[in-house]
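Here the structure is laid out as structure tokens; the discussion comes afterwards.
The values are calculated or read from the model by the stated rules, or taken from the named source; none is laboratory data. Since the model is a prediction, treat every value here as computed from it, not as a measurement. Here Cβ is always computed from backbone atoms with ideal geometry, including for glycine, and neighbour counts include all displayed protein chains.
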Amino acid sequence: MAADAAPAGVRGTFEMEARSAGRQDGNIYLDSELDYRDQRNLTIAVHPAAAVRLREKFGKDIDSLIIGKRIMINGEARRVKIVISFDGRLTGDYYYQTHVDVWDAGQLSILP
């Protein structure tokens, strides 16, 4: 299976337009596609401490500021298995996303 053959992760600098955003479990998710389940989607997972620092840096929450803008992220892109649940129960269904975790505000820049 192709998903099992994917490397553990790829370090680099990634550039994308943030087309959608969401929040879950204290994290802010920025997506390169309108549909976060699209196999072409790159998800930037901004963890709480980084979100606080980014709010201080830009004066707004990153998810309200970023839509429609190009961003650059330094980090490691890795494939993450997303297990689907319904009413708190696992359905047995899943899909994969490519995530770059942002733990530090310095990892993310808004491009001109």
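Things worth noting here:
- Residue within the range 88-110 that is touching a His at 6+ places or on another chain (Cβ under 9 Å) and surrounded by 18 or more Cβ atoms within 10 Å (Cβ to Cβ) present: yes
- Consider the range 67-104 and keep the residues that are of a type in the set (A, V, I, L, M, F, W, C) and out of contact with any Phe, Trp or Tyr (no Cβ under 9 Å at 6 or more places or on another chain). The one that is farthest from I28 (Cα to Cα) is L90.
- Of the helices (runs of 4 or more DSSP H) lying entirely inside the range 1-80, the ones with 2 or more residues being modelled with pLDDT under 95 and surrounded by 13 or more Cβ atoms within 10 Å (Cβ to Cβ) are found at 48-58, 62-66.
- Members of the range 65-112 found to be under 21 Å from T13 (Cβ atoms) and among the acidic types (D, E), listed by number: E76, D101, D104
- Scope the range 49-71; condition farther than 20 Å from D35 by Cα and not basic (K, R); matching residues: A49, A50, A51, V52, L54, E56, F58, G59, D61
- Pairs where the first residue, in the range 98-112, is on the phi < 0 side of the Ramachandran plot and in contact (Cβ under 8 Å) with a residue 12 or more places away in the chain and the second is among the hydroxyl-bearing types (S, T, Y) and buried (at least 18 other Cβ atoms within 10 Å of the Cβ), C-beta under 7 Å, 6+ apart: T98/T43; H99/T43
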